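Novice: Okay, handing you the structure first.
The values are calculated or read from the model by the stated rules, or taken from the named source; none is laboratory data. In this text the structure is predicted, and so the values were computed from the model without any measurement. Cβ placement follows ideal geometry from the backbone for every residue including glycine, while neighbour counts extend to all protein chains displayed.
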């Protein structure tokens, strides 16, 4: 058997998936949808991690969507600071919490 690997244009040498620029918005939307699901299941730590990853990929997708702001408000209402330390900084970047309110 030949043990050659076929190079993919979507996978970098570090084995992390790379997406064409047109798919970054879609990938961030999938992460936002996952966050909504985790929020509904009350898995708050996972719900915070998804928009953080989406923000890393496509910041505008997180900052300007009303559904993200509503989800973050809900997470803030039932916040457990020990399990979601990134929630308040994310909410501040999105514009629903003042920076000095941490």
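Novice: Residue check: is residue 46 buried (at least 19 other Cβ atoms within 10 Å of the Cβ) and free of Cβ contacts under 8 Å to residues at least 60 places away in the same chain?
Specialist: Judged against the criteria, residue 46 is not a match.
Novice: Here are some conditions: (1) at pLDDT 90 or above; (2) touching a strand residue (DSSP E or B) at 6+ places or on another chain (Cβ under 8 Å). Residue 17 meets all but one. Which one does it not meet?
Specialist: Every listed condition holds for residue 17 apart from (1).
Novice: So, residue 60, is that one surrounded by fewer than 17 Cβ atoms within 10 Å (Cβ to Cβ), without any contact (Cβ under 8 Å) to a residue 12 or more places away in the chain and in a helix (DSSP H, G or I) or not?
Specialist: yes
Novice: Just one of 36, 27 is modelled with pLDDT under 95, in contact with a helix residue (DSSP H, G or I) (Cβ under 9 Å, 6 or more places away or on another chain) and in a helix (DSSP H, G or I); which is it?
Specialist: 27
Novice: For the stretch 65-75, state whether one or more residues are touching a helix residue (DSSP H, G or I) at 6+ places or on another chain (Cβ under 9 Å), surrounded by 15 or more Cβ atoms within 10 Å (Cβ to Cβ) and outside any helix (DSSP H, G or I).
Specialist: yes
Novice: Checking residue 22 against (1) surrounded by fewer than 11 Cβ atoms within 10 Å (Cβ to Cβ); (2) modelled with pLDDT of 95 or more, only one condition comes out false. Which one?
Specialist: The number of the failed condition is (2).
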